[in-house]
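**Student:** Questions regarding the structure given below will be posed in turn.
The values are calculated or read from the model by the stated rules, or taken from the named source; none is laboratory data. Not measured: the values here are computed from a predicted model. Cβ sites come from the backbone with ideal geometry, for glycine too, and all protein chains shown count toward neighbours. When the accessible area is computed, the model is the full protein with side chains, heavy atoms only, and any ligands, DNA or RNA have been set aside. Shrake-Rupley method; radii C 1.70, N 1.55, O 1.52, S 1.80 Å.
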Amino acid sequence: MAASTKTTAITVVVVLVIVIALLAIFKPEKEFIFIDDDHQGESYMLWGLLAPAIAIGLALITRRVYTSLFVGILCGVLIYSMLDPDIAFQALFTGNGEEAQGLAATLGSLDNIGICVFLIVLGAFVYLMRRAGGTSALAQWARNKLKTREQSQLMTMLFGMIIFIDDYFNCLTVGSVMKPVTDEYRVSRAKLAYLIDATAAPICIIAPVSSWAGAVSGYIEGKGAFETFINTIPYNFYALLTVVFVITIILLKFDFGPMKKYEKNAIETGDLFSGANIGTAPVDTDISDHKGTVTDLVVPIILLVICCVAGMLYTGYLAGGTDFYSMISDCDACIGLPLGSFFAFMLTLAFYYYRKVIVFDDVWASIPEGFKAMFPAIMILILAWTLKGTIDLMGADLYVANLVQTNAAGLEYLIPLVVFVVAMLLAFSTGTSWGTFGILIPICMALFLTDMTMMIISMSACMAGAVFGDHCSPISDTTIMASTGAECELMTHVSTQFPYALFVAAVSAVCFLIAGIVQNAYVPLLVGVALIIGGLFVMRMIVRSKEAAPASE
């Protein structure tokens, strides 16, 4: 439950006073960091990590995400400016003068505007699909075809794996389509949010054709970038083992940690939120006239997938791509997704008019309704983007990358494990996996110029660790949109999925240690699968024995 307003206010004031006092006493100085020709600049060293640490810590304590993010931004600005009001104002609103990273720049960024437009169009899509009766028809189909909670969860996972093009698109589409199905079988929204998140970034990072594949390929220097990305897939243990983990917990009917409470309440009482404030617009589940069929949901989704892929390919073509893979590698998802979704929206309107399942007033209502549904996510994203820009101003990512480069010599077989852990911490703290790619992948390439196998293993470790951070951080775009897609309160989603992700990350760390020694993908992967399945079996036996103990006495 969220902390009271008074308690939150006191906590915020105490944090700000401590930060100001520390700055006044220690007066940290910047240090120039040189990594390579593309990554060099000034850093406040560990001070640069204080802002995201404060934002994440406050969010976990107070469960007030907006306040926590804003305080994190404010602390970052205070550190960057060294309490100078003029520099603080400039940093908060415009950045450092050379690279726009402040709040105003966040609001004016073409990429950020594109994502916000994409969110609003998807919200309008959801409204129209519900209004046409497509979601109601799917729920009815689920009642007839799916017989168990496990089947509804497996269907959610399968749907998430099918939509592998982009994690933003994945989170919101899967959430809007599967909510009526999982609600029917009393799957908690916390569990739905986890299923969505677990099949978003972890699936996109191992999909050869996705916006993530294009982004990673763009960070790999020289020819053969896409081929190098393909070679990293078998070593991406966190992504692969996440799939194994999700299937196992569904089939075992086993949950642990905070998730167990939410699932128990959903099953026994039908309370899908365990009394938590869902933090998004309420869902009106009976707004259609029930004229629609499953076709009215399937066809728009197919149109959305085709048009979004076409939109990304088009941006890749404009960037100079000449074939399919080069266009995917050079694509701009922040432009291609809203472009594709707009055309899909227009085609869907034509389809619905032809089917006579909506009226003209529904079209006008869909845009404001879509904006209302997505407004909480947009607000959080704006604050998260601004915090990320503040972190970049202080050079926190360069500082962490420099630690890896200067302390890895002589421990070649441990480097994949070290890179994995550093990528986890960096992505979790900054809320960005792509930024983590941009810093650590060039370092991995520089460390192993003559050993291609170890280079690929280390790059895979970077991707896996970055996906973990993206998967778990409360300031991550994907985490925010997974909670939005499931209509689950953000910090509920973070707290319930973190033990699951940490379990998989611990097993993945063992796999990367083994991979660094044997330099083979399949031996550590088999070990990881055995540890995931065996560990969950053992945990379930222990939990059930403890639950049965009082009854037997």
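**Student:** Which value, in nm² and rounded to one decimal, describes the direction-averaged projected area of the C-alpha convex hull of segment 115-173?
**Tutor:** 4.4
**Student:** Compute the distance in nm between two label points, each set 7 Å from the Cα along the Cα-to-Cβ direction, one at L158 and one at I367.
**Tutor:** Roughly 3.8 nm, to one decimal.
**Student:** Taking amide H positions as placed 1.01 Å from N in the peptide plane, with prolines and chain starts having none, which residues 5 or more places from E42, or on another chain, fall under 5 Å of its amide H?
**Tutor:** I33
**Student:** Quick one: ranking Y522, Y325, Y194 by accessible area, 1.4 Å probe, largest first, what do you get?
**Tutor:** Correct descending sequence by accessible area is Y522, Y325, Y194.
**Student:** Between K356 and L414, what FRET efficiency comes out of the Förster formula 1/(1 + (r/R0)^6) with R0 = 60 Å and r the beta carbon distance, rounded to 0.05?
**Tutor:** So, using R0 = 60 Å, E works out to roughly 0.40.
**Student:** 7 Å from Cα along Cα→Cβ at both T148 and I302: what's the point-to-point distance in nm?
**Tutor:** Rounded to a tenth, the inter-label distance reads 3.1 nm.
**Student:** Compute the Cα gyration tensor for segment 456-553, then decide on rounded, prolate or oblate, letting a ≥ b ≥ c be the square roots of its eigenvalues: rounded whenever a/c is under 1.5, prolate when a/b is larger than b/c in the other cases, and oblate in all that remain.
**Tutor:** On the way: a/c = 3.55, a/b = 1.13, b/c = 3.15.
Because a/c hits 1.5 or more and a/b fails to exceed b/c, segment 456-553 counts as oblate.
**Student:** Please compute the contact order of segment 445-537 in relative form: average sequence separation of alpha-carbon pairs under 8 Å and at least six residues apart, divided by the residue count, as a percent.
**Tutor:** On the way: 58 pairs, mean separation 20.6, N = 93.
Taking the mean separation of contacting Cα pairs over the length of segment 445-537, I get 22 percent.
**Student:** Sticking with this one: Ignoring ligands, DNA and RNA, what percent of the accessible area of segment 150-190 is carbon or sulfur (1.4 Å)?
**Tutor:** On segment 150-190, the fraction of accessible area on carbon and sulfur atoms equals 65 percent.
**Student:** Follow-up question, since we're still on this one. In what sequence, largest accessible area first, do I457, I25 appear using a 1.4 Å probe?
**Tutor:** On the way: I457 0, I25 125 Å².
Result of the area sort, largest leading: I25, I457.
**Student:** For segment 159-201, what relative contact order do you get, as a whole percent, if you take Cα pairs closer than 8 Å and at least 6 residues apart?
**Tutor:** 55
**Student:** Between D86 and L110, how many nm apart are label points set 7 Å from Cα along the C-beta direction?
**Tutor:** 3.3
**Student:** Going by average Cβ neighbours within 10 Å, how do the peptides 13-19, 501-507 rank, with the highest at the top?
**Tutor:** 501-507, 13-19
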